[in-house]
Amino acid sequence: MSDHPVLHVKGGILVGPDEVRDELWVVGGRISLDRPAGARDVRTVEGWALPGLVDAHCHVGLGAHGPVDRDTAEKQALTDRDAGTLLIRDAGSPSDTRWVDGRDDLPEIVRAGRHIARTRRYLRGYAHEIEPDDLVAYVAREARRGDGWVKLVGDWIDRDLGDLSACWPRRAAEAAIAEAHRLGARVTAHCFAEESLRDLVEAGIDCVEHATGLTEELIPLFVERGVAIVPTLVNIATFPDLAAGGDAKFPRWSAHMRRLHARRHDTVRAAYDAGVPVYVGTDAGGTLPHGLVAAEVAELVTAGIPAPDALAATTWSARRWLGRPGLTEGAPADLVVYPGDPRADVRVLAAPTRVVLNGRVVV
Ligand SMILES: [Zn+2]
């Protein structure tokens, strides 16, 4: 028992958006809603508790130039953990991070294998770069390597065209998504622009990353098919800098990126209002630092999503979407404690007072 101390968490336990309990216990690393009989050496943790936060678009084991060593990957995962992210959907990594699964002091990772991109149509060193004829085979391979997700790069700059353009013909996408589904995996795609969205959604895709190109015309299709989006607004904030770097060589692309950036909050708000499921993702790894989950939640609020729903996008509904429990009896005790009610002001997420992972106080 000394390995797993009994914790008494009291204050405001946000079991659901409208369900608040006064207290819960952690016994043997798991959540108990009832006081354990005869417990001694009980440690008390006080404050407002949320289920461990979800970063639904994060990359562990990825750096600016591709794969990183294990020590660097461990630091990335620890930075996320200390910010309260205890469940990561890894949206593509060229590193094998399976070793993380044996570490109960690191966040759980739900992997999408390695990115699958069209030849020379993505950041160098990140993806399998292939042609459409090979897409089904690569999707099958990454579906088997991952944890129920596959990640495509759906659009990227076409240097001959000088603008963003779709990477996969509709038929190739259809066959590949069908194969992933046959193998029990869901498929998501990186999409900045408008063009690729209709084909990918009609081809059966489950989620779109960034989705800056989502228009009023396309939103009803997303709603009808139940396709989720992970806007990664903290990443979209870098578009003006990217655009400035492209002005000389690719002015059309730069102008396009600026337009997508300018309407980013309206895009997210319109999707949310229409009923498109929206989840929190930071796009940490590669070029962005880890640990930005609170900043992304604040960005969703800035976009116009009410605080309780922005919180749900990184807690209750995000966990359900990934098939992981929240603060329920017998679930692994993954929770984050704050000094104030995050429903009143999501900015408290920036500084958790305690992080409890697998029943241990790690922060
Ligand atoms: Zn990403």
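Contact map, the stretch 58-71: residues that are in the same structural domain as SER95 (by TED's automatic domain parsing) and at positive phi paired with residues that are more than 11 Å from the ligand (Cβ to nearest atom) and part of a loop (DSSP other than H, G, I, E, B), Cβ distance under 7 Å, separation 6+ or inter-chain. Pairs shown: GLY61/VAL68; GLY61/SER95; GLY61/THR97; GLY66/PRO94; GLY66/GLY125. Residues in the stretch 275-288 that are closer than 13 Å to THR232 by Cα and either away from the ligand (no atom under 16 Å from the Cβ) or not hydroxyl-bearing (Ser, Thr, Tyr) (or both): 7 in all. Filtered by the rule that a residue be under 19 Å from THR314 (Cα atoms) and more than 14 Å from the chain's Cα centre (by Cα), the stretch 207-242 gives GLY226, VAL227, ILE236. Checked against (1) at pLDDT below 95; (2) more than 16 Å from the ligand (Cβ to nearest atom), PRO107 meets all criteria but (1).
Mind checking which residues of the stretch 191-214 are part of a loop (DSSP other than H, G, I, E, B) and aliphatic (A, V, I, L, M)? Don't jump to the end; show me each part of the working.
So in the stretch 191-214, the residues part of a loop (DSSP other than H, G, I, E, B) come out as 192-196, 203-206, 211-214.
Once the filter is applied, which keeps residues that are part of a loop (DSSP other than H, G, I, E, B) and aliphatic (A, V, I, L, M), the stretch 191-214 yields ALA193, ALA203, ILE205, ALA211, LEU214.
What number of residues in the stretch 223-240 are closer than 22 Å to HIS115 by Cβ and away from the ligand (no atom under 16 Å from the Cβ)? Going through the stretch 223-240 one residue at a time, the tally reaches 1. If you go through the stretch 162-192 and keep only what is farther than 23 Å from VAL230 by Cα and touching a residue at least 60 places away in the same chain (Cβ under 8 Å), you end up with just GLY162. The condition (being touching a Ser or Thr at 6+ places or on another chain (Cβ under 8 Å) and surrounded by fewer than 24 Cβ atoms within 10 Å (Cβ to Cβ)) is satisfied by just one residue among ALA64, ALA73: ALA64.
This table checks each residue for (1) more than 16 Å from the ligand (Cβ to nearest atom); (2) farther than 25 Å from ARG360 by Cα.
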position	(1), (2)
ASP273	yes, yes
GLU296	no, yes
SER317	yes, no
LEU322	yes, no
THR328	yes, no
GLY340	yes, no
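Close Cβ contacts (under 9 Å, 6 or more residues apart or on different chains) running from residues in the stretch 217-241 that are over 19 Å from ALA310 (Cα atoms) to residues that are within 16 Å of the ligand (Cβ to nearest atom) and hydroxyl-bearing (Ser, Thr, Tyr) comprise THR238/THR287; PHE239/THR212.
Scan ARG35, ARG43 and give me the residue that is surrounded by fewer than 16 Cβ atoms within 10 Å (Cβ to Cβ), over 26 Å from ALA318 (Cα atoms) and touching a Pro at 6+ places or on another chain (Cβ under 7 Å). Walk me through it before giving the result.
Numbers: ARG35 fails: touching a Pro at 6+ places or on another chain (Cβ under 7 Å).
So the residue among ARG35, ARG43 that is surrounded by fewer than 16 Cβ atoms within 10 Å (Cβ to Cβ), over 26 Å from ALA318 (Cα atoms) and touching a Pro at 6+ places or on another chain (Cβ under 7 Å) is ARG43.
The test for being more than 23 Å from LEU233 (Cα to Cα) and in the same structural domain as ILE236 (by TED's automatic domain parsing) does not hold for SER165.
Against the test of being surrounded by fewer than 19 Cβ atoms within 10 Å (Cβ to Cβ) and touching a Pro at 6+ places or on another chain (Cβ under 9 Å), the options ALA274, ALA211, ALA244 yield a single qualifying residue, ALA274.
From THR267, THR212, THR302, which residue is within 16 Å of the ligand (Cβ to nearest atom), polar (S, T, N, Q) and farther than 26 Å from THR97 by Cβ? Even if it seems obvious, please write down each step before you answer.
Numbers: THR267 fails: within 16 Å of the ligand (Cβ to nearest atom); THR302 fails: within 16 Å of the ligand (Cβ to nearest atom).
The match here is THR212.
Within the stretch 113-130, can one find any residue that is within 20 Å of GLY323 (Cα to Cα) and away from the ligand (no atom under 16 Å from the Cβ)?
Initial filter on the stretch 113-130 (within 20 Å of GLY323 (Cα to Cα)): 113.
Checking which are away from the ligand (no atom under 16 Å from the Cβ) leaves us with none.
Within the stretch 113-130 (the criterion being within 20 Å of GLY323 (Cα to Cα) and away from the ligand (no atom under 16 Å from the Cβ)), the answer is no, since none of the residues qualifies.
Residue check: is VAL297 of a type in the set (Val, Ile, Thr) and closer than 17 Å to VAL208 by Cα?
Details: of a type in the set (Val, Ile, Thr): yes; closer than 17 Å to VAL208 by Cα: no.
No: the conditions fail for VAL297.
When each of LEU214, LEU233 is tested for being of a type in the set (A, V, I, L, M, F, W, C) and out of contact with any Cys (no Cβ under 9 Å at 6 or more places or on another chain), the lone residue that passes is LEU233.
Suppose we keep only residues that are among the polar types (S, T, N, Q) and surrounded by fewer than 22 Cβ atoms within 10 Å (Cβ to Cβ) within the stretch 282-319. Which one would you say is farthest from ALA228 (Cα to Cα)? Among those residues, the one meeting the criterion is THR287.
The values are calculated or read from the model by the stated rules, or taken from the named source; none is laboratory data. Keep in mind it's a predicted model, so treat the numbers as computed, not measured. Note that each Cβ is placed from the backbone with ideal geometry, even for glycine, and that neighbours are counted across all protein chains shown.
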